[in-house]
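Read the structure below first, then the notes.
The values are calculated or read from the model by the stated rules, or taken from the named source; none is laboratory data. Computed from a predicted structure; not experimentally measured. Glycine also receives a Cβ, built like all others from the backbone with ideal geometry; neighbour counts cover every protein chain displayed.
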Amino acid sequence: MSIKANVYDFFAYTIPGGFILLTTLYALTIFGVLQIDFFSLAPSTAQIIIIIGLSYILGLLFEPIARLWYRLFKPKGYAELALLEFKKSHPLIHVNFEASDWNILFAYLKRQNLDIASDIERVNASSVMLRNISFGFMVLAVAELVNFYMLFLPLHLFFSIVLLAFSIIAGKESDKFAQWFFLAIFENIASQALQISDLVKCAQEA
C-alpha cells in the first residue's frame, strides 16, 4: 500500500509541480529575469532528484491555489452529486448514509480491503493531478498572453488561447474523476451488504 501511495503522490503532486516549475522558469525567461536554453538542458542524476523533490514540494504548495482556481468554474458538492447519481442508477438499493459520511465510509473500505481502497484512491489522485495541471495551463496561458503584448506576435496569442482551452479541458476531466471517486466509495459500500440472493431470484417449481 505504501508503494502505491507513493505512486499516487507522484501523479497527483510531482507531475503538476514539475509542470508549474517549468512554467515559472519559462515565464521568468520571457520577462528577462533568467536566461535559460531549454533545448540544451542536460541535468545530472543528482539534479534530476533535486528537481523531482522541488516538483513534489511545489505540487503540495500550489494545491490550495489550484483548488481556488478550480472552484471559479466548477460546481461544489461532488459527494452530493455522486450520491444522487448512485440513488438514481440503483433505485432498489436503500442506504442509511449521507454524502458527508464519505470519509468514514472510505476508512471502512480501507479496513476491509486495501486493494479496493487503493483502486479508489487512484481515481482521486487522477482528479488532483488534472486539477493542478489545469492551474499550470492557466499560468502558462497568462505568460503567453503577456508575451503577446510584449512582442505583438499573433503566434503567442494563439498559444495562449490553446493553453486556456487545455486548462478548461483538464478541469472538466478533474471534475469527472472527482465524482467517480465518491461514486466508487458509495458503490463499494453498498456492495458489502449484497447477497447473491439479492441479485438473482430463481423461480420456484410449482
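Values as computed for the structure displayed
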| item | result |
| --- | --- |
| Selection from region 129-173 of residues that are among the small types (G, A, S) and exposed (fewer than 13 other Cβ atoms within 10 Å of the Cβ) | A165 |
| Long-range neighbours under 8 Å by Cβ, at least six apart or interchain, first residue over 13 Å from A190 (Cβ atoms) within region 104-115, second of a type in the set (G, A, S) and in a helix (DSSP H, G or I) | F106/A117; K110/A117 |
| Filter result for T23 (at pLDDT 80 or above, surrounded by 12 or more Cβ atoms within 10 Å (Cβ to Cβ), more than 15 Å from the chain's Cα centre (by Cα) and within 21 Å of G136 (Cα to Cα)) | yes |
| Any hit, region 72-89, residues being touching a residue at least 24 places away in the same chain (Cβ under 8 Å), surrounded by 13 or more Cβ atoms within 10 Å (Cβ to Cβ) and under 21 Å from F166 (Cα atoms) | yes |
| Any hit, region 67-79, residues being at pLDDT 85 or above and more than 21 Å from the chain's Cα centre (by Cα) | no |
| Count - residues of region 122-169 that are within 25 Å of A184 (Cβ to Cβ) and of a type in the set (G, A, S) | 4 |
